Each structure stands twice: as C-alpha cells, then as structure tokens.
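Report on the following structure.
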Amino acid sequence: MKRVLILDSSAIMNGYNPLLVTNCRQIISVDALNEILKDDEKALVEYAIEIDRLEKATPKPETIMKVEEVARKTNDRKYLSNSDLSILALALDLIEEGWNPVILTDDFSIQNVAKVLGIEYAPIATRGIRKVINWKLYCPACGRRYEDEDISECNVCGTKLKRKPRP
Ligand SMILES: [Zn+2]
C-alpha cells in the first residue's frame, strides 16, 4: 500500500521536520496549516510546500461531517478543532483514493477518533524525546524511538535512523 503521512499542527509544533523526510508523500490540511502561528515553524512548512516536499489539501465537506458524527459518539467532538476534524477527514479521503495514511499527531482526541475510524496514527513528541535518555535508535525526522537494533529505517516515515549512545 502507498503510505502517506498526514501532518497535524501538533506534529510541527513538537519538532517534526518535513524537510528531512524524502521518501514518503506528506500532506497537511489547510486548516492545520493556519494553526501554525510561530514564525519559524510557519516558514519551515511554507518552504516545504514551496519545494513540493509537502502538499496542502482540503478534505471533502461530507467527509468532515462523517468524522464529526463519529467524534460525537466517542465524546471527542468538543475537544476537536476544525483543524483536527480536517486532518481526520483528509485521512479518510486518502483511504478512499487507495492510500495508506498515517496521521502524525500528539493530540489524544485525534488519536482516539482515528482508532475508531481505523486510521493509523503515530505520535511525535520529539521534544519529550530529548529528555529521555534510555534509547538507542531514533528517527531524526519524526522523532520516533526504537529499541530494535536490526532496523535502519523508520517504520513511520522511512527516514534513515540515527544512533545515540546510552549515557
Ligand atoms: Zn520517522
């Protein structure tokens, strides 16, 4: 299946760098893009779009309504912004187009609704990772940590993993 990474604004705010991911399609919703307000983060994302490393997209309105309906059932609706809904809806649209989307997000409500909708997700929390010292391999792009010594590429974004010595 063709993998595509969907970036939530929290992914960018937590240090995800779309420029470092070169072998995987990456998409952000227009609403998520508008939630990124810090100048340096905005500049990073806009540059990634400019050089076609990252695409911006808008989900179908009827898919957003479908996501809202599910979120209401799981009691997540009030915790989801328009941007959050758009990220989830974008994932459903992409599944329909035959893609295998993975939402990169640290937002628990997005993760919860994604689970119910059968959408894959992966947390980022690169910031937290800098504090953690008990790990060996990490992905410099999405920040995922690995204990397994036998892999060389990130399971989420396909970026070559880096090694950090245990202190
Ligand atoms: Zn990665």
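Side notes on the structure shown:
- Among (1) modelled with pLDDT of 95 or more; (2) in a helix (DSSP H, G or I); (3) among the charged types (D, E, K, R) - the single one residue 56 does not satisfy: (2)
- Contacts under 6 angstrom Cβ, first residue in region 16-38 being farther than 19 Å from residue 92 by Cβ, partner assigned to a helix (DSSP H, G or I) and basic (Lys, Arg), 6 or more apart: 36/42
- Candidate set from region 138-154 (those that are part of a loop (DSSP other than H, G, I, E, B) and near the ligand (Cβ under 9 Å from one of its atoms)); member that is modelled with the lowest pLDDT: 143
- Sub-8 Å Cβ pairs linking a first residue in region 133-150 that is more than 24 Å from residue 13 (Cβ to Cβ) and surrounded by fewer than 18 Cβ atoms within 10 Å (Cβ to Cβ) to a second residue that is modelled with pLDDT of 80 or more and aliphatic (A, V, I, L, M), at least 6 apart or interchain, are 147/137; 148/137; 149/137, ordered by first then second residue.
- Residue match in region 13-26 (condition: among the β-branched types (Val, Ile, Thr), surrounded by 15 or more Cβ atoms within 10 Å (Cβ to Cβ) and assigned to a helix (DSSP H, G or I)): no
- Test: residue in region 96-105 that is in a loop (DSSP other than H, G, I, E, B) and modelled with pLDDT under 85: no
- Selection from region 74-84 of residues that are in contact (Cβ under 8 Å) with a residue 24 or more places away in the chain and in a helix (DSSP H, G or I): 79, 82, 83, 84
- Any hit, region 68-91, residues being surrounded by fewer than 20 Cβ atoms within 10 Å (Cβ to Cβ), out of contact with any Asp or Glu (no Cβ under 9 Å at 6 or more places or on another chain) and of a type in the set (A, V, I, L, M): no
The values are calculated or read from the model by the stated rules, or taken from the named source; none is laboratory data. Keep in mind that this is a model prediction, so the values were computed, not measured. Cβ: placed from backbone, ideal geometry, glycine included. Neighbour counts: every protein chain shown.
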